[in-house]
């Protein structure tokens, strides 16, 4: 559900409203539980690759509505418009010109729409003091949480944790989220909740410092 909320906020609930017998709700639930629950959380491929493969298949099916929404899903997953375009062109010899041209037209159309600015990014420093006797245990929780967040949440742009050289129990995390909605979604994820609850009695002090980027959109190499 966390993946679906970020890539396709709200899912298809609105589209399924009004389906006779209220059965549209079942379809929306099936999509969330199976597609985003079982398929999208499988190992082997990262989220960007899964979205790109999905776009190629939708191109073959000429699924116009889904091509529009899944273009933005690809962008949220971290693919660029150029990468999505290149993937469609790579499929051209196998799927034919009509299907590929339809997808390229949609990519062009959706790329022209206004997008969120880097000034929407939420940037924060988390300064944490950990019980020195439980530092290894805390670091294991933190590592698991950061790796899951970066793998599963396109809206989590950076989680960079460092410890003071002479005081390794004092940790600072640079957190960058696409926007406040991405941050709030992150707080609800199972991996963050596991970290939060698992380390409650290890954290002796927590200071959250909201910041204003001096150069918005600057990438970390």
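The values are calculated or read from the model by the stated rules, or taken from the named source; none is laboratory data. Treat the numbers as computed from the prediction; the structure is a model and nothing was measured. Every residue, glycine among them, receives a Cβ derived from its backbone with ideal geometry; neighbour counts consider all protein chains shown.
Every condition in (1) surrounded by 15 or more Cβ atoms within 10 Å (Cβ to Cβ); (2) assigned to a loop (DSSP other than H, G, I, E, B) is met by residue 68 except one, and the failing one is (2).
Checking each residue in region 187-206 for being outside any loop (DSSP other than H, G, I, E, B) and either without any contact (Cβ under 8 Å) to a residue 40 or more places away in the chain or not assigned by TED's automatic domain parsing to the domain that holds residue 131 (or both) picks out 187, 193, 196, 197.
If I go through region 158-186 residue by residue, how many of them are touching a residue at least 60 places away in the same chain (Cβ under 8 Å), surrounded by fewer than 19 Cβ atoms within 10 Å (Cβ to Cβ) and in a loop (DSSP other than H, G, I, E, B)? Number satisfying all stated conditions: 1.
What number of residues within region 207-221 are part of a strand (DSSP E or B) and either surrounded by 10 or more Cβ atoms within 10 Å (Cβ to Cβ) or out of contact with any strand residue (DSSP E or B) (no Cβ under 8 Å at 6 or more places or on another chain) (or both)?
Going through region 207-221, the residues part of a strand (DSSP E or B) turn out to be 207-210.
Now drop any that are not either surrounded by 10 or more Cβ atoms within 10 Å (Cβ to Cβ) or out of contact with any strand residue (DSSP E or B) (no Cβ under 8 Å at 6 or more places or on another chain) (or both), which leaves 207-209.
The qualifying residues number 3.
Restricted to region 4-50, and to residues there that are modelled with pLDDT under 75 and part of a helix (DSSP H, G or I), the residue that is surrounded by the fewest Cβ atoms within 10 Å (Cβ to Cβ) is 14.
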